[in-house]
Amino acid sequence: AGVVRNNVIVGNGVSGLELVASQNVEVYGNLFQNNGNAMRVWHQNRGAGGNCTWALSNVRVHDNSVHMNRGTTGLWKWNVTDGDSIFSPSDGRVKFYNNTYYLSGTARYFQWMNNTRSVSEWKGYGQDLTGNFIQQ
């Protein structure tokens, strides 16, 4: 469990933030700018530790300022046995909402269902329905 809040995350080559098999995480109030990817959430089969199973659940990403001129933001899966259930709008393990995205160009800046997605596709999967998308 954890909170990532009120950070300025600028100029990271791979990603501004990566969450892997994380539970009960809230990400809010951050500025992401000029990163390889803004935010990557990974659904992976990671096993378990002494206190819990290392599995993705209850991840909330909201009220961030995300400036993207390359890369993607979203959810990736790798080596899991539960299929694509995590991508269903009703699943709820990962939720992006009320973020503001500043998008340069016409790239597909969102990752969902193992592919890059447009703004309308991203919203079609139930992500950031209350978000702001500003084309620059």
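The values are calculated or read from the model by the stated rules, or taken from the named source; none is laboratory data. Nothing here was measured: the structure is a model prediction, and the numbers come from that model. Please note: Cβ atoms are built from the backbone with ideal geometry, for glycine as well, and neighbour counts cover all protein chains shown. We work out accessible area using only protein heavy atoms, side chains counted, and drop any ligands, DNA or RNA first. Shrake-Rupley method; radii C 1.70, N 1.55, O 1.52, S 1.80 Å.
Taking all protein chains as they are arranged and a probe of 1.4 Å, the heavy atoms of residue 123 leave approximately 70 Å² accessible to solvent. Ratio of Rg to Rh for the chain: 0.95 [Cα atoms; Kirkwood radius as inverse mean 1/r over pairs]. So, counting K/R as plus one and D/E as minus one, what does the shell of residues with Cβ under 11 Å around residue 58 add up to? Local net charge: +2.
Summary value for the chain: 21 percent relative contact order, contacts being C-alpha pairs under 8 angstrom separated by 6+ residues.
Modelled spin labels at residue 106 and residue 10, positioned 7 Å past Cα toward Cβ, are 3.1 nm from each other. Placing +1 on the Cβ of every Lys and Arg and -1 on the Cβ of every Asp and Glu, with no other charges, gives segment 51-117 a dipole of roughly 160 debye about its Cα centre. Segment residue 81..residue 97, full-extension length gain: 3.1 nm, with 0.36 nm per residue of separation and the alpha-carbon distance subtracted. The residues 73, 100, 106, sorted by heavy-atom accessible surface at 1.4 Å with ligands and nucleic acids left out, run 106, 100, 73 from largest to smallest.
Considering only 107, 119, 39, and ranking their Cα positions along the charge dipole of the chain that arises from unit charges at the beta-carbon of Lys, Arg, Asp and Glu, the one farthest toward the positive end is 107. Other residues whose C-beta falls under 15 angstrom from the C-beta of residue 1 contribute a net charge of +2, scoring Lys and Arg +1 and Asp and Glu -1.
The local environment of residue 128, defined by Cβ-Cβ distances under 15 Å, has a net charge of +3 under the rule Lys, Arg +1 and Asp, Glu -1.
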